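Rule-based calculations on the coordinates, nothing more; no lab input. None of the values given here were measured: they were computed from a predicted structure. Every residue, glycine as well, gets a Cβ built from its backbone with ideal geometry; the counts of neighbours run over all protein chains shown.
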């Protein structure tokens, strides 16, 4: 019998669930509820026939809250979510709508507060603000290097349309009329001047022009090295150079410094000598493209040795002056690593790179550690990295102050370089491509594990990104810079405990000092993407677990494409948001052999191995209200098959057509050309009373929710043009779900999992879905009753051959 176990937790001690906390409120306790108050004092104006949402906020009392309208009538087309206070919809009549809202908490006796507010709905042709162009300066480019910069506008009435009305873009660059993104690869150096013009969607339209230019520098004479190897070891010496003639070693031999002489054939004693010889203003890598660096020993500090200003003179030692790219004392990072070539990559290696994993699993004891400290933005800068391999490294920091979340536990970091911390583990940008990160453990940073867009193929093989105070991997650099030809491969890797700050030194088995969600000033997506960008993704044998927001959030892939997506043999569980969240600009998506467990309030309760206070200030449980949301464009084709999906979120599949009329950014043509292939899945719901305030109901979650109504004549009966659906098993589904479903060979019976959890409704416990064994028994109704569809995997989640016909779900019996 093959087994898939989630070895998670066994404790069933209950803790409070914090569903809605103001970021400045003190944490609530059951025994001393503070006064309930409504903090919302006004509601933003809505526009007729335009999608709208606004949140009502409360503080104090005892969560969860319940909201309702006690007087007045909200605009036609609006609705109020009583569990979250979200007012949303598309208004169908303009005017002014006075409303009185009430909020009731869960105290005993309950507290209730009211507030009178007015929702104003303006007509779509109300006078817009003046149109203006806000991107006066565009980034410079380099001949032969991928380029992307965006023209931006404000005011008027979106959507905007861009054009070049005089002059020309640099050769090799093009302008996307709908986004204003200028991208491509320049083919000649020089400065190109042109006039950019933007037209809005007003009636009559507004037009604005601005003269600007793009400078393209000649391609640097990037030297491709002859494969020189460079060595770092604790018994090495200082760097010799023409600027540092008292330096001891040339760095090119894997031997210790002898103790006498200069410019000896021996290793450097610090990795920072690779880009700084300690002479003023000479920050440049000594290595060439295609070279190899081997780091022995460690841990190795990146950044200042001490807080700048804390000492002076020779006693400060080497490293006191190191700072590239920052403001003198802060914002530092290593210079861009010299690029390799397709046939000879530049390599940065921990000493045990040849034996850094066993049985396909990274051996942490073999990793070489680098850590970011005083004055450093990121421990490892991979912006601009091209044809670079980074292997067998631990990337961390040696402190536990935090930057995200309120109240700050254990304490806030002092800004600048006074505290010994870095912001993020690794940075990339949209010129980073052909980058391999292999056998990396990236953990304990105040912000993101990895941050920034990418510019081509980036692969993470056997990476563990854990306990970072922000997202695990955030493709947003803070400016939503669009990716260029992004192609992300995440293989045999894990992202866990994002939004949680790591203890230092570690005390607990799960060393979490504190966790925060969005309403508490934190950010905890396992993977995050910004609006206005896109990429293709291949995800295989990977995990997204214990993140304070979504596990895998590709839901903002909304620009460009169509892209391709593959998620196979992967698992998501115990995330406070969704499991796998898929945006609409994927032209094709193949999602097979996965386990998705939507136990979205799991982190509201104790977890064995973590400190009892890890979630004292954590809220936003089941924040997404859905377990597995995905979206379509007009001609998208999604295959979702042979997955095992278990949840108590209010809704399981939340589906939208991003090209439906009225949807922001849509082409208005609908999704009549889109196809959903849904076969051989096991879908199981549980009735968890803790989620009733969020929209769940007695009887279990709802299965299918289509955000837009089916257009007239829809052959599928939904907003999606074609749905090929068969041979699925449903169990524990509520919200009026009935069988027979009307689709071929679908069943509504128990899947008969090995050791299937039995708690449900009033008997459901917070740990109900822990240690879940997703193997089906040989007598299960799912065994051998699937259908052989196009693209059926040859093996199951465990690598076991699938018969013909296959079983339903991720695992064969």
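Between residue 88 and residue 191, what FRET efficiency follows from the Cβ-Cβ distance if R0 is 41 Å, with the result rounded to 0.05?
0.30
For 519, 358, 258, what ranking results if the residue with the fewest other Cβ atoms within 10 Å of its Cβ goes first?
Fewest-to-most Cβ neighbours within 10 Å comes out as 358, 258, 519.
Below 8 Å between Cα atoms, with a sequence gap of 6+, how large is the relative contact order for the chain in percent?
Relative contact order for the chain comes out at 8 percent.
Residues of the range 406-429 with amide nitrogen under 15 Å from the 7 Å Cα-to-Cβ point of residue 139?
427-429, by backbone N distance to the label point.
Let's test the formula: R0 of 45 Å, r as the Cβ-Cβ distance of residue 697 and residue 364. What FRET efficiency results, to the nearest 0.05?
Computed FRET efficiency for residue 697 and residue 364: 0.50.
Calculate the spin-label point distance for residue 254 paired with residue 765, positioning each point 7 Å from the Cα along the beta-carbon direction, and give it in nanometres.
The two pseudo-label positions are separated by 5.3 nm.
Within 10 Å, count the other beta carbons around each residue, average over each peptide in 429-438, 371-380, and list them highest first.
Result, highest mean first: 371-380, 429-438.
Between residue 163 and residue 79, how many nm apart are label points set 7 Å from Cα along the C-beta direction?
4.2
Would you mind pulling out the separation of the Cα centroids of the range 248-310 and the range 354-383, in Å?
18
Please order 735, 508, 617 by the number of other Cβ within 10 Å, starting at the fewest.
508, 735, 617
Please list 175-183, 289-297, 619-627 highest first by mean number of surrounding beta-carbon atoms within 10 Å per residue.
619-627, 289-297, 175-183
Residue 773 versus residue 55, label points 7 Å from Cα toward the beta carbon: distance in nm?
Between residue 773 and residue 55, the label points sit 4.1 nm apart.
Counting only the backbone N, which residues of the range 539-575 are under 20 Å from the spot 7 Å out from the Cα of residue 790 toward its beta-carbon?
Once the point is set 7 Å along Cα→Cβ of residue 790, 562-568 turn out to lie under 20 Å by backbone N, inside the range 539-575.
Scan [x] 13, 36, 30, 16, 5, 0; [y] 12, 37, 37, 12, 0; [z] 14, 45, 34, 7, 0 for the value of P(r) over Cα pairs in 20 Å bins from 0, in percent calculated from this model and give just the label.
The calculated read-out lines up with [z].
Distance from the Cα centre of the range 753-783 to that of the range 517-582, in angstrom?
Using only Cα atoms to place each centre, the spacing works out to 26 Å.
Residues of the range 415-454 with backbone nitrogen within less than 19 Å of a virtual label 7 Å along the Cα-to-Cβ line of residue 540, please, listed as ranges.
Residues 434-440 fall inside that zone.
Ranking 669, 581 by Cβ neighbours within 10 Å, fewest first, what do you get?
Lowest to highest Cβ neighbour count: 669, 581.
Quick check: Cα centre of the range 644-697 to Cα centre of the range 460-505, how many Å?
Each part reduced to its Cα centre gives a spacing of 25 Å.
How far, in nm, would the chain grow between residue 712 and residue 37 when pulled straight, counting 0.36 nm per residue and subtracting the alpha carbon separation?
Full extension from residue 712 to residue 37 adds 238.4 nm.
Taking 0.36 nm per residue of separation and subtracting the Cα-Cα distance, what length does fully extending residue 755 through residue 508 add?
86.0 nm
What FRET efficiency comes out for residue 217 versus residue 608 if R0 is 56 angstrom and r is the Cβ-Cβ distance? Round to the nearest 0.05.
After rounding to 0.05, the efficiency reads 0.50.
Report, for the chain, the % of DSSP beta bridges that are antiparallel, rounded to 5.
30
For a protection proxy built on the mean count of beta-carbon atoms within 10 angstrom, sort 440-446, 187-193 highest first, please.
Answer by packing, highest mean first, reads 440-446, 187-193.
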